[in-house]
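> Pasting in a structure now, in structure tokens, and then I'll have a few things to ask.
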Amino acid sequence: MAVIGIDLGTTYSAVAVMRGAAPEILENREGERLTPSVVVFEDGSPLVGVEAKNLAAVLPDDYVEFVKRKMGDASPAHVDGSGKEYRPEEISALILKRLAADASMQLGEEVRDVVITVPAYFDDARRTATRDAGEIAGLNVIRLINEPTAAGIAYGMNRGQSGTFLVFDLGGGTFDVTVMRVRGSEFDIVATGGDRNLGGFDFDNKLMAHVAAKVEEQGGPDLYDSGKAEADLRAQCESAKRRLTSAAKTVVRVGTLQVPVTREEFEQLTAALLSRTEVTVEEVMEEAELTWNQIDRILLVGGSTRMPMVSGMVQRMSGRMPDIGINPDEAVAMGAAIFADSENAKVNGAIPAIAVSVSDVTSQSLGTTAHEIGTNIKRNIVMISKNSKIPCSAVDYFVTTIPDQRQVEFDVTEGDDEDLQYVTVLHETLLNLPPGLPDKAELRVVMSYDIDGMVHAEMFLEATGQSLGTIELERPNNLGANAVDEMRKAMRDLEIL
Ligand code: ADP
Ligand code: MG
């Protein structure tokens, strides 16, 4: 049975499989290498991909896009006409089911085992939601892999090169930058950062606002007035943006009106977005403690890196040419396919076409809270800092503050700041202490991240080694196992067009 790699993108998805010693993109039923990650409910039945995208302007209220931005949220991603709610996991599951069905059509065999890619900075809740989406689609998610790592694998496989790579991934809805060390088939992430809300979509928005203003100047209608007009404006602006990648000027047509736009104008409109990517790259370089001359390769991934201003900026800031030769929209899926094959072989005791080993880092700092002696102000204490290698664990010591203290707060936090205002408290609990402890009795806290990025924390009484309590993070925003199972059953016999 084939194992496939799925790049489940914000705007476009791609599927690849190993054929012999090389990965290959699998075309979808329309014969395309990319499938738009969109769903439309036509009379209640889900339609996925390019045909769905074509209905955006016709059925704007039944149209769902950018669901990846909502993964890990508890709120519905779509509510249909009858009031039926769809979770982000269910929408993603519909897309995954369609991708897997097309892949099995191409391969002529059932597809069940998959590797799905996620942005490196996806937190625990978003990763869990992605896994759940796979399960709901009836798939067996053997691993999740970070998108930049997958791109690095695809690139490294082609060249067999070692060194320090920087992956700059600007897709449709997310921006991801990662520094990794590559030694043959070993991939170690050094640092990663990103912006969940920055991608080609935002560049489209800038152009849309500009075109809509010009249309109003010419006495035309308000294009944001109806969902239909806005969807049409979006489609026109996205394709104009793509034209400006190769042409210096173009015309956006909306109804009978025409708005000419030059590449220079477009670059001015979006300059602030581009500089946001620059700031993120600088932050990641700083965290990696690297200078540009220590970077051996710069990989541009994601459809939006086709815009000339992107490679121009990367070149200006790094003083070198980004690498060409990988297809920015396909590299992630290809790398996922290589990894899927390698992992699958590991499980089955077989020999993979290309064996890869991936080690990851934490995308968020983890810590606990404690009251400062003297001021009694409650502060965040980082225990495992961002970009620590996974799996990892850390130990820290605290003390009780009064004789015979009977309870102690035990929190798990996510974030870097000392000030709790800027930190997310993932879990709060009150633990009981045995009676008769002296003042300043020592408490040991052990915190760890396991291979899947899951968090565990435990507190011990240092004097006796007695465990006072364990925390397994609750995920209030995620579905429980039962809900996932129900949704999987409900979707089992659904045929997605
Ligand atoms: P994601 O993985 O986030 O879904 P992709 O990597 O597939 O995204 O990139 C999709 C984005 O790339 C879209 O915003 C699309 O408009 C943009 N894009 C694709 N081709 C071009 C191009 N030639 N010029 C400019 N933008 C492009
Ligand atoms: Mg992508």
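The values are calculated or read from the model by the stated rules, or taken from the named source; none is laboratory data. The model shown is predicted, which means the values in this text are computed figures rather than measured ones. No Cβ is skipped: glycine too gets one built from the backbone with ideal geometry, and neighbour counts run over all protein chains shown. With ligands, DNA and RNA removed, areas are computed over all heavy atoms of the protein, side chains included. Shrake-Rupley method; radii C 1.70, N 1.55, O 1.52, S 1.80 Å.
> Where Rh denotes the Kirkwood radius from the mean inverse Cα pair distance, what is Rg over Rh for the stretch 49-161?
Rounded to two decimals, Rg/Rh equals 1.02.
> May I pose another question? How many nm separate the modelled label positions at residue 357 and residue 21, each set 7 Å beyond the Cα in the direction of the Cβ?
Taking the two extended label points, one gets 2.2 nm.
> On to the next question. Please state the shape class of the stretch 366-471: rounded when a/c is under 1.5, otherwise prolate if a/b exceeds b/c and oblate if not, all from the C-alpha gyration tensor.
It is oblate, given that a/c is not under 1.5 and a/b is not larger than b/c.
> To the nearest 10 square angstrom, how much accessible area does residue 224 have with a 1.4 angstrom probe?
90 Å²
> Just how large is the dipole of the chain about the Cα centre, in debye to the nearest 20, putting +1 at every Lys and Arg Cβ and -1 at every Asp and Glu Cβ?
1240 debye
> Could you provide, to the nearest whole Å², the per residue accessible area of the chain with probe 1.4 Å?
Counting only protein heavy atoms, the per-residue value for the chain is 43 Å².
> Using +1 on the beta carbon of Lys and Arg, -1 on that of Asp and Glu, and nothing else charged, what's the dipole of the stretch 359-497 about the Cα centre, debye to 20?
So the dipole magnitude of the stretch 359-497 works out to roughly 120 debye.
> So between residue 278 and residue 493, what do we pick up on full extension, going 0.36 nm a residue minus the alpha carbon distance?
72.7 nm
> Between residue 61 and residue 105, what's the calculated FRET efficiency when r is the beta-carbon distance and R0 is 25 Å? Round to 0.05.
The formula returns an efficiency of 0.25 here.
> Which of rounded, prolate, oblate describes the chain, given a ≥ b ≥ c as roots of the alpha-carbon gyration tensor eigenvalues and a/c under 1.5 marking rounded, otherwise prolate only if a/b is larger than b/c?
Prolate.
> Still on this structure, I have one more. Hey, if we sort 401, 149 by accessible area with the 1.4 Å probe, largest down, what's the order?
Reading off the accessible areas and sorting them downward yields 401, 149.
> Probe radius 1.4 Å, ligands and nucleic acids left out: which of 181, 234, 253 has the largest accessible area, and how do the rest follow?
Of 181, 234, 253, the descending order of accessible area is 253, 181, 234.
> For the chain, which whole percent of the accessible surface, found with a 1.4 angstrom probe, sits on carbon and sulfur atoms?
Answer for the chain: carbon and sulfur cover 47 percent of the accessible area.
> Would you grab the residues whose amide H sits under 5 Å from the one on residue 473? Only those 5+ places off in sequence or on another chain, please, with H modelled 1.01 Å from N.
455
> In whole angstrom, how far apart do the alpha carbon centroids of the stretch 273-317 and the stretch 445-497 sit?
Comparing the Cα centres of the stretch 273-317 and the stretch 445-497, I get a distance of 35 Å.
> Could you work out how much longer the chain between residue 482 and residue 442 gets when fully extended? Use 0.36 nm per residue separation minus the Cα distance between them, nm to one decimal.
10.3 nm
> Cut-off 16 Å, label point 7 angstrom out along Cα-to-Cβ of residue 161: give me the residues of the stretch 268-311 whose amide nitrogen falls inside.
The answer is 292-301.
> Additional query: Compute the distance from the alpha-carbon center of the stretch 93-118 to that of the stretch 360-374, in whole Å.
39 Å
> Please identify which residues in the stretch 6-45 have an amide N closer than 16 Å to a label point set 7 Å out from the Cα of residue 242, following the Cα→Cβ vector.
Residues 10-14, 28, 30-38 fall inside that zone.
> For residue 466 and residue 402, what is the calculated FRET efficiency with R₀ set at 30 Å and r taken between the beta-carbons, to the nearest 0.05?
0.95
> If DNA, RNA and ligands are ignored and the probe is 1.4 Å, what is the ranking of 456, 78 by accessible area, most exposed first?
Largest to smallest exposure gives the sequence 456, 78.
> Need one number: % antiparallel among DSSP beta bridges in the chain, to the nearest 5.
Once the DSSP bridges in the chain are tallied, antiparallel ones form about 80 percent.
> Separation between the residue 420 and residue 29 pseudo-spin-labels, each 7 Å from Cα along Cα→Cβ, expressed in nm?
5.4 nm
> Multiply the residue separation of residue 347 and residue 112 by 0.36 nm, subtract the distance between their alpha-carbon atoms, and state the gained length in nm to one decimal.
83.1 nm
> When you count, for each residue, the other Cβ atoms within 10 Å and take the mean per peptide, how do 431-442, 293-304, 257-268 rank with the highest first?
Answer by packing, highest mean first, reads 293-304, 257-268, 431-442.
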